[in-house]
Every structure is written in C-alpha cells, then in structure tokens.
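K.L.:
I have a structure here, written as structure tokens, and I will follow up with some questions on it.
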Ligand SMILES: Nc1ncnc2c1ncn2[C@@H]1O[C@H](COP(=O)(O)OP(=O)(O)OP(=O)(O)O)[C@@H](O)[C@H]1O
Ligand SMILES: Nc1ncnc2c1ncn2[C@@H]1O[C@H](COP(=O)(O)OP(=O)(O)OP(=O)(O)O)[C@@H](O)[C@H]1O
Ligand SMILES: [Mg+2]
Ligand SMILES: [Mg+2]
C-alpha cells in the first residue's frame with residue numbers, strides 16, 4: 001500500500017495572540033492523489049490555519065503543540081527550511097481568497113506567471129512565455145496575449161482569479177490549496193471558476209484542499225469533506241454520505257440553517273443553542 | 001396611490017458629472033407599505049446605486065421619486081430632513097457606520113434624543129433596553145465599543161438602531177453577506193420578525209437569490225442598470241421569464257450532489 005499524498009495526524013496548535021487558546025485540536029485528515037477535499041466550518045474554526053500549515057506559512061503567533069503533516073511520507077513541520085522551499089509552490093501551491101491583493105500590482109502578469117517556470121523548472125524565457133500562454137488558455141481567458149502584458153489593475157476580479165488559478169497550476173503541483181477562492185465573486189463567476197478548478201484538477205490529476213463555508217460548493221466540487229468547529233473535526237467522510245446522512249447534530253443543524261431558493265419554507269433555522277452546548281461539552285470548552 | 005409607500009419611475013443616475021457614466025438606465029420600482037422587496041443582480045449591476053437614489057443619497061439625472069404620496073426627487077435637504085427619520089438604512093459593514101470610539105449605549109441613545117423620539121436620557125435608555133431584548137443582545141453590550149462585538153452582534157446593533165427610530169422604510173444593503181449561515185439565519189429571522197411587527201417596508205439588496213427568496217415578497221432582477229425582470233418571488237423563482245434570471249438561479253450551488261451541474265450548458269451561460 002502506498003502512503004497517502006497527504007496525511008495530517010493529531011495536529012494541535014495554540015494561539016499565542018489569544019493567551020494560548022487552542023486553535024487546532026487533534027486534527028487528522030488524509031488526502032489521496034487527485035482527491036478534492038472540502039474543509040468547512042464557521043469563521044475562526046481553523047480552516048485557514050490548516051491551509052497555512054500545509055503551505056509552511058503559519059504565523060509566528062501560532063504554535064504547533066503536537067502532530068505531524070506528512071506530504072508523501074515526509075513531515076512538513078520538521079523538514080529543513082531548504083527542502084520546504086523546494087516543495088512550496090512547486091509541489092504544493094495556493095489559490096488565495098482575495099484576487100485583489102494576491103497579485104503584485106507593479107508587475108505585468110507575464111512576469112508573475114513565468115518566474116517559477118524559469119527559476120524552478122529551468123524553462124527558457126521563450127518556453128516560459130509559451131507555457132504561460134497555454135495556461136491562460138486553459139483557464140479560458142479569451143485574449144491571453146493581452147492579459148500577459150496587462151497589470152493586475154487592468155483586469156476584473158474574475159479575470160484576476162483566473163490568473164491566480166493558472167499560477168497555482170503552473171508548476172504542476174501535486175496538491176493545490178484553495179482558501180475560499182470564490183467567496184468574493186458573483187455566483188455566475190463563481191460557477192465558472194469552480195468549473196475551471198475542477199477541469200484543471202482533472203486534467204492535471206491534482207489533489208485539492210478546498211476551503212469554503214458553503215455546503216453547496218462542497219456538494220458540487222468535493223469528493224470528501226471535513227467539518228470543523230473550534231479547531232476540532234466534527235464530522236468527515238465522503239461528500240454524499242455527509243450531506244445525505246449527516247451524523248452529528250451540528251452538521252444537521254448547518255444543513256437546516258442555509259436558505260434555499262428551491263425550498264422557501266425550509267432553512268433559516270439558526271443552529272440551536274443546545275447544539276452549541278453539546279459541541280462545547282464534547283470538545284471540552286468551558 | 002396611497003398603498004405604495006415609495007415609488008420611482010424612469011430613474012437614471014450618472015456618475016462623474018454630465019459627461020460621466022450612466023449606471024441606471026430608467027428604472028421603475030414600487031414598494032408598498034409593509035412589503036419587503038428584493039433587489040438582486042451581479043456585481044456592478046447598480047443595486048447599491050438604486051438604493052442610494054431612492055434614499056436621495058445620490059442625485060438622479062432623470063426620473064422621479066415619491067415617498068408617502070409626496071414627490072421628493074429634488075426636495076431640498078432642509079425639507080428632506082424630517083423624512084430622514086422615517087427612512088433608515090442598514091449597511092453590509094456595520095463597523096463603517098458605527099462610530100468606533102462611541103459605546104453601543106451612546107450609538108443607540110443619541111439618535112433617539114436627536115430626533116426627539118425620547119424626552120430625556122432615561123426614557124431613551126428604557127427604549128434601548130427594550131429593543132436590545134428584541135434583538136436578543138445582553139445589556140452588557142451597551143458598555144462595549146463596536147469592535148468588541150462579533151459580526152453578527154454588530155449587525156443586530158445596526159438593525160436595532162434602525163428599528164429604534166420607528167421608520168416606515170428600511171433599505172438593507174448586503175447585510176448578511178459576511179456572516180456564517182447560522183448567524184445569517186438569526187439576523188434574517190430577526191429582520192423578518194421586526195418588519196412584520198413594525199409594519200416596515202423594506203428594500204433588501206442581495207446577490208444571493210436564496211436569501212432573497214427567504215425574506216422577500218417581490219423581487220427586482222437588475223442587469224446593467226435596467227430591470228430585467230420583476231414579480232412576486234413565488235412567480236419569478238418558479239417560472240423565471242428572463243434567461244438572465246434563469247442563469248442566476250442555475251448558478252447557485254445547492255447542498256446536494258448534482259452530477260453535471262458544473263458541465264457547461266450550451267448557449268445560455270454565454271449570455272451572462
Ligand atoms: N496570526 C495569528 N496568530 C494567532 N492566532 C491566530 C492568527 N490568525 C488567526 N488566529 C486564530 O486562529 C483561529 C482560527 O483562525 P482561522 O483563520 O484558521 O479560521 P478560519 O476557519 O479560516 O476562519 P474564516 O472563515 O474567518 O477565514 C482563530 O481563533 C483566530 O483568532
Ligand atoms: N461613486 C461612484 N463613482 C463612479 N462610479 C461608481 C460609483 N459607485 C458605483 N459606481 C459604478 O456604478 C456601477 C454600479 O455600481 P453599484 O455599486 O451600484 O453596483 P452593485 O450592483 O451594488 O454592485 P455590488 O454587488 O458589487 O455591490 C458600477 O459600474 C460601479 O463601478
Ligand atoms: Mg480563513
Ligand atoms: Mg452594492
């Protein structure tokens with residue numbers, strides 16, 4: 001049996017900013033090659049903290065107190081910085097949430113897309129240019145030549161998000177971490193972007209960790225899902241199982257809280273206080 | 001027509017002077033007393049501009065606006081002022097509209113005194129205590145500053161502040177888009193309850209059609225500064241007449257597995 005692509009085991013962390021408050025509590029999850037896993041939970045649940053741990057960019061004020069993050073059998077948490085640098089961007093890459101700030105405003109798209117190709121994959125400028133063009137075509141940008149020569153502010157939010165997706169897949173990483181990549185976008189643009197991520201993921205056989213708070217997005221793009229509350233895994237499993245047959249009262253309550261245009265009389269039920277009390281008791285929060 | 005509280009016909013708004021960009025191209029809208037009307041559309045379609053025009057916060061270059069039977073299109077600010085109490089607004093980011101240096105007590109008490117709705121501080125405090133209970137916030141909130149509250153709590157303060165002034169009309173612009181689903185459900189339920197209790201008319205701006213369906217009686221679908229479709233929610237959602245409305249509906253991911261949802265549907269999406 002070959003090891004999973006990614007295996008997080010017993011990961012615990014505290015926030016030194018909030019007086020040692022636990023922010024991840026014994027989190028375990030694994031990801032196979034080519035799998036798309038959703039990471040959901042309310043604000044502050046620890047989704048981005050897990051994403052940052054995968055990318056080796058945990059802030060100094062977050063302290064890991066236990067556990068391992070194995071990528072292809074090697075622990076990212078204890079790996080020498082040099083080896084970590086070789087992996088980040090090349091084997092594991094990020095699609096960030098905010099397309100407005102994620103690109104360098106002072107550099108043309110071409111420079112930002114080709115840096116990694118030249119410096120890390122050893123492509124010539126010509127080869128890198130051709131590859132960048134191809135990538136922009138793959139993310140359905142109609143006029144890739146023009147976009148290569150554009151500065152970020154000359155592109156719409158949806159276009160910028162496409163460029164960031166192209167950049168995330170540029171070096172053919174094995175794992176892409178997408179931290180709420182569509183939260184800032186219109187539903188119509190969101191759908192196009194979700195389709196792109198799915199298509200790129202399929203074409204390149206990439207595994208994806210997809211951070212979102214929207215169970216609808218999970219249903220459409222994730223093979224499996226992990227639900228967090230206060231840094232603790234509350235429920236995990238295949239998407240179909242979790243959505244059709246939620247086991248935990250919190251998962252059920254979340255399903256009942258979201259309004260649905262197709263069922264105007266359902267939804268809009270806040271998570272009952274009793275469920276929060278049950279969660280706190282289970283997790284051991286006073 | 002006395003039944004309509006707020007009506008606008010042929011509204012046009014141009015940003016940036018006479019040679020600027022026209023972003024509303026002749027919008028007609030009518031909001032009856034006690035009715036909640038949704039305004040939906042993509043980013044940049046003109047939702048916020050329409051809301052601000054109805055409230056006379058941006059000038060219109062054509063069209064007319066009537067509030068409670070009276071034309072207010074070009075009413076001078078001095079004559080608008082007595083109407084301002086009756087027309088309230090709740091924003092997406094309550095932080096931006098709540099003075100960060102003031103306590104919640106001051107934020108809620110001051111407008112009551114300013115508009116003469118309470119004779120003295122004691123009376124104002126009593127009203128504030130009552131509304132706080134209505135929006136299910138502990139009295140301890142009163143001594144905090146806005147940044148010491150959670151997003152959902154701040155949004156409830158925004159609602160409380162609007163409701164305290166006993167308005168006839170409230171404009172709510174994307175007030176739940178930053179909140180998680182449970183908090184969103186709480187805030188929407190509260191707003192719905194209040195609008196019934198106080199007989200409020202509301203314009204509810206959102207890009208989320210599921211939210212609109214949950215709280216609105218009628219909906220206006222805006223596109224490129226024009227009304228693309230309008231009607232009772234039950235009608236429009238069951239039977240959208242415009243392809244554009246259909247595309248907006250079809251773009252909402254529902255929390256159930258729908259193989260093929262992501263596959264391109266030939267033709268219609270290109271219209272978006
Ligand atoms: N730089 C930091 N230093 C210390 N603690 C932090 C830092 N950033 C976040 N935290 C804390 O870690 C916890 C988890 O935050 P995280 O950003 O992972 O949540 P999230 O699930 O991504 O939420 P959101 O949906 O709001 O993005 C929170 O309690 C937060 O206050
Ligand atoms: N103060 C302004 N000056 C110039 N142009 C503006 C101004 N405010 C908005 N616009 C432009 O007017 C158009 C409509 O904007 P508006 O903010 O009304 O859209 P919206 O539907 O509320 O969008 P969103 O969903 O992003 O809030 C956009 O093209 C916008 O760029
Ligand atoms: Mg986050
Ligand atoms: Mg707006």
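The values are calculated or read from the model by the stated rules, or taken from the named source; none is laboratory data. Please read all numbers here as calculations on a predicted model, not as lab measurements. Cβ: placed from backbone, ideal geometry, glycine included. Neighbour counts: every protein chain shown.
K.L.:
Out of all the residues in segment A:241-260, is one or more in a helix (DSSP H, G or I), touching a helix residue (DSSP H, G or I) at 6+ places or on another chain (Cβ under 9 Å), free of Cβ contacts under 8 Å to residues at least 12 places away in the same chain and within 9 Å of chain B (Cβ to nearest Cβ)?
P.N.:
Checking segment A:241-260: not a single residue is in a helix (DSSP H, G or I), touching a helix residue (DSSP H, G or I) at 6+ places or on another chain (Cβ under 9 Å), free of Cβ contacts under 8 Å to residues at least 12 places away in the same chain and within 9 Å of chain B (Cβ to nearest Cβ).
K.L.:
I've got another one for you. Restricting attention to segment A:14-34, does a residue exist that is more than 23 Å from residue A:238 (Cα to Cα), surrounded by 15 or more Cβ atoms within 10 Å (Cβ to Cβ) and free of Cβ contacts under 8 Å to residues at least 60 places away in the same chain?
P.N.:
Looking for residues that are more than 23 Å from residue A:238 (Cα to Cα), surrounded by 15 or more Cβ atoms within 10 Å (Cβ to Cβ) and free of Cβ contacts under 8 Å to residues at least 60 places away in the same chain, one finds at least one in segment A:14-34, hence yes.
K.L.:
In segment B:32-45, which residue that is under 26 Å from residue B:168 (Cβ atoms) and surrounded by fewer than 23 Cβ atoms within 10 Å (Cβ to Cβ) is nearest to ligand 2 (Cβ to nearest atom)?
P.N.:
Taking the candidates together, the pick is B:37.
K.L.:
From the list B:236, B:211, pick out the single residue that is at the interface with chain A (Cβ under 9 Å from one of its Cβ atoms), in contact with a strand residue (DSSP E or B) (Cβ under 9 Å, 6 or more places away or on another chain) and assigned to a helix (DSSP H, G or I).
P.N.:
Just one listed residue meets the conditions, B:211.
K.L.:
Another question, then. Taking the residues in segment A:197-218 that are at the interface with chain B (Cβ under 10 Å from one of its Cβ atoms) and surrounded by fewer than 22 Cβ atoms within 10 Å (Cβ to Cβ) as candidates, determine which candidate is farthest from residue A:50 (Cα to Cα).
P.N.:
A:199
K.L.:
Test of understanding: among B:21, B:27, B:58, B:37, which residue is within 14 Å of ligand 4 (Cβ to nearest atom), in contact with a strand residue (DSSP E or B) (Cβ under 8 Å, 6 or more places away or on another chain) and more than 14 Å from every other protein chain (Cβ to nearest Cβ)?
P.N.:
B:58
K.L.:
I would also like to ask the following. Would you pick out the residues in segment A:35-47 that are part of a strand (DSSP E or B) and either free of Cβ contacts under 8 Å to residues at least 24 places away in the same chain or within 16 Å of ligand 1 (Cβ to nearest atom) (or both)?
P.N.:
Taking segment A:35-47 and keeping what is part of a strand (DSSP E or B), we get A:36-40.
Result: A:37, A:38, A:39, A:40.
K.L.:
Something else now. Tally the residues that are touching a strand residue (DSSP E or B) at 6+ places or on another chain (Cβ under 6 Å) and within 13 Å of ligand 3 (Cβ to nearest atom), restricting the search to segment A:32-47.
P.N.:
Selection size over segment A:32-47: 6.
K.L.:
Here's a follow-up. Would you check which residues across segment B:160-181 are surrounded by fewer than 19 Cβ atoms within 10 Å (Cβ to Cβ) and over 27 Å from residue A:258 (Cβ atoms) and list them?
P.N.:
Within segment B:160-181, B:165, B:166 meet the criteria.
K.L.:
Please state which of the following conditions residue B:254 fails to meet, knowing it meets all the rest: (1) facing chain A (nearest Cβ under 7 Å); (2) in contact (Cβ under 8 Å) with a residue 12 or more places away in the chain; (3) more than 26 Å from residue B:89 (Cβ to Cβ).
P.N.:
(2)
K.L.:
Moving on. If residue B:157 satisfies all but one of (1) more than 27 Å from residue B:45 (Cα to Cα); (2) surrounded by fewer than 22 Cβ atoms within 10 Å (Cβ to Cβ); (3) at pLDDT 90 or above; (4) touching a helix residue (DSSP H, G or I) at 6+ places or on another chain (Cβ under 7 Å), what's the number of the condition it fails?
P.N.:
(2)
K.L.:
On the given criteria, is residue A:66 assigned to a strand (DSSP E or B) and either in contact with a strand residue (DSSP E or B) (Cβ under 7 Å, 6 or more places away or on another chain) or crowded, with 18+ Cβ neighbours inside 10 Å (or both)?
P.N.:
yes
K.L.:
Suppose we keep only residues that are away from chain A (no Cβ under 14 Å) and within 16 Å of ligand 2 (Cβ to nearest atom) within segment B:149-174. Which one would you say is nearest to residue B:137 (Cα to Cα)?
P.N.:
Per the criteria, the residue is B:172.
K.L.:
Would you be able to say whether some residue in segment B:77-89 is within 16 Å of ligand 2 (Cβ to nearest atom), within 14 Å of chain A (Cβ to nearest Cβ) and surrounded by 15 or more Cβ atoms within 10 Å (Cβ to Cβ)? Give the steps one after another, and end with the answer.
P.N.:
Filtering segment B:77-89 down to residues within 16 Å of ligand 2 (Cβ to nearest atom) leaves B:89.
Filter again for within 14 Å of chain A (Cβ to nearest Cβ), leaving none.
Taking every residue of segment B:77-89 in turn, none turns out to be within 16 Å of ligand 2 (Cβ to nearest atom), within 14 Å of chain A (Cβ to nearest Cβ) and surrounded by 15 or more Cβ atoms within 10 Å (Cβ to Cβ).
K.L.:
Of the residues A:221, A:234, A:285, only one is within 13 Å of chain B (Cβ to nearest Cβ) and either under 23 Å from the mean Cα position of the chain (by Cα) or touching a residue at least 24 places away in the same chain (Cβ under 8 Å) (or both); which? Working first, answer last.
P.N.:
Numbers: A:234 fails: within 13 Å of chain B (Cβ to nearest Cβ); A:285 fails: within 13 Å of chain B (Cβ to nearest Cβ).
After ruling out the rest, the residue left standing is A:221.
K.L.:
How about segment A:73-92: which of its residues are in contact (Cβ under 8 Å) with a residue 60 or more places away in the chain and surrounded by fewer than 16 Cβ atoms within 10 Å (Cβ to Cβ)?
P.N.:
Filtering segment A:73-92 down to residues in contact (Cβ under 8 Å) with a residue 60 or more places away in the chain leaves A:73, A:89-92.
Answer for segment A:73-92, where residues must be in contact (Cβ under 8 Å) with a residue 60 or more places away in the chain and surrounded by fewer than 16 Cβ atoms within 10 Å (Cβ to Cβ): A:73, A:91.
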